[in-house]
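The values are calculated or read from the model by the stated rules, or taken from the named source; none is laboratory data. Everything numeric here is computed off the predicted structure, so don't read it as measured data. Here Cβ is always computed from backbone atoms with ideal geometry, including for glycine, and neighbour counts include all displayed protein chains.
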Amino acid sequence: MNRLARSIALVVLILSVSMFACTIKPASADLTGDINDDGKVDLKDVFPALFSIGSVLGDPRFDARCDIDENDVINMADVLTIFANFGKTNT
Ligand SMILES: [Ca+2]
Ligand SMILES: [Ca+2]
């Protein structure tokens, strides 16, 4: 293989790898606290947790989506976890 052919093969290889790399989606951000699953953590996620705070599993106000640590109680720990991710988006 002459020098030109090797150079062309190298360029094709680099382009192929680059195109493959561009098709890989980056790992999504940790959106723990995205209660309404809209891809961002904002007030729309905080309000349901605040409404449910103090509730336990079986309580009509209990919203399982807000029980971030899955301990069957919605308390400040859950709300603080939502606030810790406040403003994050999956974009
Ligand atoms: Ca959200
Ligand atoms: Ca909890």
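Can Gly39 be described as more than 30 Å from Thr91 (Cα to Cα) and modelled with pLDDT of 95 or more? It is false that Gly39 is more than 30 Å from Thr91 (Cα to Cα) and modelled with pLDDT of 95 or more. Screening the range 47-60 for residues that are free of Cβ contacts under 8 Å to residues at least 12 places away in the same chain and in a loop (DSSP other than H, G, I, E, B) and picking the one that is farthest from ligand 1 (Cβ to nearest atom) gives Gly58.
When Leu80 is tested against (1) buried (at least 16 other Cβ atoms within 10 Å of the Cβ); (2) farther than 16 Å from Asn36 by Cα, exactly one condition is not met: (1).
Against the condition out of contact with any Pro (no Cβ under 6 Å at 6 or more places or on another chain) and away from ligand 2 (no atom under 11 Å from the Cβ), how does Val73 come out, does it pass? Answer is no for this residue. The set of residues in the range 62-91 being away from ligand 1 (no atom under 11 Å from the Cβ), among the aliphatic types (A, V, I, L, M) and either in a helix (DSSP H, G or I) or within 14 Å of Leu31 (Cα to Cα) (or both) consists of Ala64, Ile68, Met76, Ala77, Val79, Leu80, Ala84. Within the range 61-80, the only residue that satisfies the criterion of being touching a residue at least 24 places away in the same chain (Cβ under 8 Å) and touching a strand residue (DSSP E or B) at 6+ places or on another chain (Cβ under 9 Å) is Ile74. Among the residues of the range 29-69 satisfying the criterion of being more than 17 Å from Ala84 (Cβ to Cβ) and among the small types (Gly, Ala, Ser), which is surrounded by the fewest Cβ atoms within 10 Å (Cβ to Cβ)? By that ranking, first place goes to Gly58.
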